[in-house]
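Participant: Here's a structure for you.
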Amino acid sequence: MFALGALLAGCGDGKTTAERMAAEGYLIVNNMAEPSGLDPQTITGLSESHIIGALFEGLVGYDPKDLHPVPAAAESWTMSPDGRTWTFRLRAGARWSNGDPVTSADFLFSYERMLSPAFGAEYASMLHGVRGAKDFAAGRSKDFRAVGFRAPDARTLVIELEDPIPYFLQLLCHHSWIPVHPPTILRHGKMDALHTPWTRPGAMVSNGPFVLEKWEVARRVVVRKNPLYWNAAEVALNAVEFRAISDLFAEERAFRGGELHITGAVPPYKVAKLREEKAPQLRTDPFLSTTYVWVNCDIKGEQPVDQAARKALSDPRVRRALGMAIQRELIAEKVLRAGETPALHLTPPGTGGFVAKARWRQDAEEARRLLAEAGYPGGKGLPRFDYLYATSESQQMAAQAYQEMWRRELGVEVELRNLEWKVYLVAMRKGEFHLCRGAWVGDYNDPNTFLEMLTTGNELNISKWSDAEFDRLLGLAAKETDPARRFGYFQQAEARLVDQAPVLPVVFNKNKFLIRPEVRGWYPTLLDQHPLSAVKLVPAKGD
């Protein structure tokens with residue numbers, strides 16, 4: 001299909017689709033998968049956040065070069081001397097795509113929706129630093145007026161925090177803080193109703209630099225420039241198309257055939273070759289990201305095998321044995337082969353200036369000793385575990401490597417389960433796995449973004465692990481204003497993760513993709529966020 005498309009694109013004027021679209025200001029990006037949704041308050045994936053960032057805008061946005069917070073829907077803000085109260089002034093010219101003004105009441109509605117227990121937003125914890133937010137989200141408080149959000153007038157929003165948050169402005173850049181249009185939400189159901197059709201083309205009202213034009217399931221999402229956006233005059237792109245090609249080899253063929261401006265990844269075996277060739281289209285950018293294995297510490301089910309798996313994986317010695325048997329150097333250098341480095345702790349080195357001291361050991365002999373001590377010598381008595389992962393060439397190769405390492409070193413049998421992206425997300429969130437592929441890209445440049453998700457009850461804690469000591473350390477870090485002492489609590493938390501092993505870090509990632517020379521303003525950023533309002537397409541000379 002892609003070869004035919006490239007052939008047809010080359011007919012007539014002799015130009016590829018990418019070349020012709022560049023002249024029209026129409027960017028084509030592969031987003032790797034069909035989005036699980038386009039509601040900024042329910043999505044959790046990085047690929048979905050790329051589309052959301054085009055359609056919506058929060059109080060604060062990302063600088064395109066280094067992602068430092070810059071004014072967005074809010075033109076300015078002030079912080080109280082104690083760091084607990086922030087006052088934001090909204091832009092007079094901020095408009096929703098239907099012409100309605102963006103008001104402080106819209107933000108109050110959106111934050112109440114985000115924190116509503118019935119809504120069940122997985123990212124609700126991003127707002128828990130606000131005074132009273134955690135109690136409201138947990139249902140302990142029923143009155144949203146008791147939460148630390150106030151709107152003195154239509155253009156003023158006040159946010160009161162429980163404790164100072166040193167990265168608060170970075171936090172506000174995240175999609176969980178984005179406003180939604182109240183009349184549109186209520187036109188399609190109640191405030192806390194899930195999966196209503198308000199996110200469909202023709203129904204969605206947004207406030208970002210682009211508006212939703214098309215959503216062709218499993219094929220593409222197209223957004224068009226929003227003429228009512230307050231900064232529309234500075235937006236160079238006329239449209240962006242997000243493709244949903246999940247097969248890396250099909251994606252590369254599409255790029256080579258002139259169907260894409262930017263890919264989402266690169267086939268692993270191609271990266272080394274392209275690096276040797278110094279291919280100008282290859283980018284391997286720094287990335288605040290870790291790939292790991294989730295261990296289900298709360299397996300549910302009545303079948304005997306599930307009961308046996310629950311018993312086995314509830315023992316930290318079994319979990320640590322599984323982690324010790326992973327040969328991380330081999331995974332990075334021989335399996336993934338794309339610039340990844342072994343991850344011996346969860347938080348990537350240098351995250352907000354933090355470097356974890358705790359280290360995983362790669363020690364098969366010690367792993368076998370731990371397994372025997374737990375009552376499973378040579379793996380005897382263990383049930384067959386399953387390992388869940390999403391459709392992807394690189395994920396499949398890593399899964400097969402883990403399977404062989406666990407079998408060879410520990411006598412542990414693991415069955416591989418491969419699911420399409422959206423189905424995988426549902427199964428993972430429901431805990432329908434024993435072991436599961438996980439990866440995390442920091443939501444902001446601070447260790448808290450990696451560690452907080454492992455706290456008890458956190459919606460993002462896929463392992464369902466609960467540890468009072470870990471929770472205590474993260475609680476102390478949240479209230480600590482001295483940077484050295486705060487990092488000290490994070491050091492102890494990382495050591496606790498190595499000891500208890502609810503998550504098995506494998507590699508620190510690189511952001512690998514192919515990009516055409518027409519694309520300008522797509523800067524290397526640690527969080528793989530690229531504000532599309534700053535991206536341009538400059539056709540090659542002679543086009």
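The values are calculated or read from the model by the stated rules, or taken from the named source; none is laboratory data. Bear in mind the structure is a predicted one, so any value in this text is a computation, not a measurement. Because the Cβ atoms are built from the backbone with ideal geometry, glycine has one as well, and the counts that use them run over all protein chains shown. Ligands, DNA and RNA are excluded from the accessible area calculation, which covers all protein heavy atoms including side chains. Shrake-Rupley method; radii C 1.70, N 1.55, O 1.52, S 1.80 Å.
Participant: Could you sort 41-51, 270-280, 131-141 so that the peptide with the highest average Cβ count within 10 Å comes first and the rest follow in order?
Facilitator: Per-residue mean Cβ counts within 10 Å order the peptides as 41-51, 131-141, 270-280.
Participant: Go through 342-353, 156-167, 477-488, 506-517 and give me the packing order, highest mean Cβ count within 10 Å leading.
Facilitator: Result, highest mean first: 506-517, 342-353, 156-167, 477-488.
Participant: Shifting gears a bit: Skip the ligands, DNA and RNA, and give the accessible area per residue of region 54-192 with a 1.4 Å probe, whole Å².
Facilitator: 39
Participant: What are the ³J(HN,Hα) couplings of region 65-71, residue after residue, when phi is run through the Karplus curve with 6.51, -1.76, 1.60 and θ = phi - 60°? Round to Hz, x for glycine and proline.
Facilitator: The phi angles translate into 8, 10, 6, 5, x, 10, x Hz.
Participant: Let me ask something else about it. Would you calculate a helix-derived [θ] at 222 nm for the chain, using -39,500 (n - 2.57) for each DSSP H run of n ≥ 4 and dividing by the full residue count, to the nearest 500?
Facilitator: -8500 deg cm²/dmol
Participant: If contacts are Cα pairs under 8 angstrom and at least 6 residues apart, what is the relative contact order of region 244-394 in percent?
Facilitator: Here the relative contact order equals 25 percent.
Participant: For q values of 0.08 Å⁻¹, compute log₁₀ I(q)/I(0) with the Debye formula on a Cα-only model of the chain, without solvent.
Facilitator: Each listed q corresponds, in turn, to -0.54.
Participant: Pairs of Cα atoms under 8 Å, at least six residues apart: use those to get the relative contact order of the chain, whole percent.
Facilitator: Relative contact order of the chain: 20 percent.
Participant: If you add up the charges near Glu213, with Lys and Arg at +1 and Asp and Glu at -1, over every other residue whose beta carbon is less than 11 angstrom from its beta carbon, what do you get?
Facilitator: Net charge around Glu213: +2.
Participant: Roughly speaking, to the nearest percent, how much of the chain's 1.4 Å accessible area is carbon and sulfur?
Facilitator: 52
Participant: Right, next: What residues have an amide H closer than 5 Å to that of Thr156, excluding those fewer than 5 places away on the same chain, when H is modeled at 1.01 Å from N in the peptide plane?
Facilitator: Result for Thr156 returns Leu90, Ser104.
Participant: Using the structure shown, select from Lys134/Lys479; Lys65/Lys512; Lys225/Lys536; Lys190/Lys214; Lys273/Lys512; Lys422/Lys464 the pairs with a Cα to Cα distance greater than 23 angstrom.
Facilitator: Where the Cα-Cα span goes over 23 Å, the pairs concerned are Lys190/Lys214.
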